[in-house]
1. Taking 0.36 nm per intervening residue step and subtracting the Cα-Cα distance, what contour gain separates LYS127 from ALA14 on full extension?
2. What is the angle, in °, between the Cα long axis of helix 92-101 and the longest principal axis of the Cα atoms in the chain? Nearest 10 is fine, range 0 to 90.
3. What FRET efficiency comes out for VAL34 versus TRP220 if R0 is 41 angstrom and r is the Cβ-Cβ distance? Round to the nearest 0.05.
4. Calculate one ³J(HN,Hα) per residue across the range 108-121 by plugging θ = phi - 60° into the Karplus curve 6.51 cos²θ - 1.76 cosθ + 1.60, and present them in order as whole Hz with x for glycine and proline.
5. Mind ranking 194-205, 229-240, 61-72 by how tightly packed they are, going by the mean number of other C-beta atoms within 10 angstrom, highest first?
6. How many percent of the accessible area of the range 118-244 is carbon or sulfur, using a 1.4 Å probe?
7. When DSSP beta bridges are limited to those with both residues in the chain, what percentage is antiparallel, rounded to the nearest 5?
8. By how many degrees, 0 to 90 and rounded to 10, does the Cα axis of helix 3-37 deviate from the longest principal axis of the chain?
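The values are calculated or read from the model by the stated rules, or taken from the named source; none is laboratory data. Everything numeric here is computed off the predicted structure, so don't read it as measured data. Positions of Cβ are backbone-derived with ideal geometry, glycine not excepted, and every protein chain shown enters the neighbour counts. We work out accessible area using only protein heavy atoms, side chains counted, and drop any ligands, DNA or RNA first. Shrake-Rupley method; radii C 1.70, N 1.55, O 1.52, S 1.80 Å.
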Amino acid sequence: MTYERQRTGEQRFAVLSRKVVLIVCYALAAAAVVALMTDRTALGIGLLVGAAVLILVRGLWTARRGMRVARQRETAQVPAAPVAAAGAPVPLDGVVADLVGMNSDGLPYRIDAARTADGAQVEVRWKSEELRWTTLFVKGSVAYAWRMELTLDQARAHYRFVEYSGTTSISAGWSPGGMFARGDWSWKRGKTAYQTKASFREGADGQIVVADAGGSRASWEGATIIRPVDAKKPVFAVLRQNGWRPRWDWWGARLFEK
């Protein structure tokens, strides 16, 4: 069996299992209501718990499939070079050239640099991450943004950095309580460690649209994921490989480089 056929079989199973779980959960919920109305409380609660477990298991499997998106993305190629000692760092121009040289159309982020009076300002920006969906009763979208600013001190071969991350979520539709519309927006400045932001959706074919560095595409499922470590790891590998360090270099500070 070829890899492509395996993926096709998995997709068919995903569609079928989603429908089965939906039907079974509706049946369990209806049975639970009947049980509770006839004073069979323990049975009703058990049926509701069973439905919740089914939804949870199906959701975890969906998330697992969605996380493959991150693992299949192109990764930056750190230039092969001897490791320079902190006391004998590579000059600024060489470091900047190595950082910008990692850029590729297939990467989900871009690295840009500009010279300053004291050294250079480097920006690492995630290109685009948005997920839009349309179902029978709800229309919504979620978008993520992330960038990192690095300041390179040419005189001391030091660097410092700060991160900015944002999330925008919009949904509107109809529910038993009537029409609704919601919007959430958040923006944070600081440093992160091992951060991941992700959303996964399933629906009818063509109702899920993903827009990222690879373009825009519609399907029956979609995932949007930002993992800053995918960009931070190669960037800080280049800096340290070239003998550059933060002003205070200790294990706690290095945690925020991941």
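1. 37.7 nm
2. Taking the Cα atoms of the chain, the angle to 92-101 is about 30 degrees.
3. Result of the calculation: an efficiency of 0.80.
4. Taking θ as phi minus 60°, the curve returns x, 9, 9, 10, 10, 9, 9, 6, 10, 4, 9, x, 7, 10 Hz for the range 108-121.
5. Ranked from most to least packed, the peptides come out as 229-240, 194-205, 61-72.
6. Heavy-atom surface of the range 118-244 belonging to carbon and sulfur, 1.4 Å probe: 52 percent.
7. 95 percent
8. Here the helix axis deviates by roughly 50 degrees.
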